[in-house]
Amino acid sequence: MGVELGYTVTSFSRSGKPPSKSQGKWVDQVSWKLANIFDPQTYREELQQYGTVVHSIGLLFENQSYKKTMNSNFGFLQDIQNLANTVKGKNPMEKNRFNTYGAIQRDSAVLLADTFLETHKQGNYVYISADQALPIVPEEYITTKREAEFELSCKPGLRAIFMRPGFMYDDSEEKTNRKFLTNILNAGYHTKETIVGDHIGFLNKLIRPPITTEKVAWTMYEKLQDEEFKGVVTLEEMSKSLLS
């Protein structure tokens, strides 16, 4: 999306490579860099050339084996069991201190902001937050997101924009568990809207619509281009995006 709008885009990740399923001309127009979010020396110099950073790292569960289950080809009974095992988690003694909600969703975001401000003194910072946690996701998932928002909003010189999407999906995604869950969430939301609309408060909070990554990105760039805007962008606002 950024490339299509004329932005120069660099992606930092642990692999330094584009996602394996990425397709399109834009892939070759993005600069893919190897970096460790917890080691500013691996990206500090690169940040100097940009006026905007986007923090898009997050965890649904601290046991990261759920990612393999969610992105694998659909196999209902086995995958439900795998996801259940993920929710239960592993032995707490096996947990990597860098793979906790607090480290990934709050501490890394603050560290990136501090590193960014060391050379820029002021700039744009987009934090991909969340509308709310899914029912089976631990409460710490959302509380660490909100803690990050608070800390970032308090930093002088930082124009912080907080995107709060719901469950995100790629419209071009093939038959995976993520796509299956997206279809269930979409069906549930449309059924709720058809039968009761938005007149029952607790249902509005419980049943939230999934949203495409394209709509999230489009709305993010709209907000960046509005130089007066900062703060929270809600799921409702992103869902109304005019992106076709």
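FYI, it's all coordinate maths here, none of it is from the lab. These numbers were taken from a predicted model, which means no experiment stands behind them. Note: ideal-geometry Cβ built from the backbone for every residue, glycine included; neighbour counts use all protein chains shown.
Past the 25 Å Cα-Cα mark, which pairs from K145/K240; K17/K240; K25/K121; K33/K230?
Values: K145/K240 23 Å; K17/K240 32 Å; K25/K121 34 Å; K33/K230 28 Å.
Checking Cα-Cα distances, K17/K240; K25/K121; K33/K230 exceed 25 Å.
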#### Entry: Hz values of 3J(HN,Hα) by residue in the stretch 49-56 - Karplus curve (6.51, -1.76, 1.60), Gly and Pro given as x
8, 10, x, 9, 10, 10, 9, 10
## Note on the structure
Pseudo-spin-label distance T8 to E118, built 7 Å along Cα→Cβ, given in nm, is 2.1 nm
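Ordered by packing density, taken as the mean number of other Cβ atoms within 10 Å over each peptide's residues, highest first, how do 44-56, 222-234 rank? Show your work: numbers first, answer last.
Details: 44-56: 15.5, 222-234: 13.4.
Ranked from most to least packed, the peptides come out as 44-56, 222-234.
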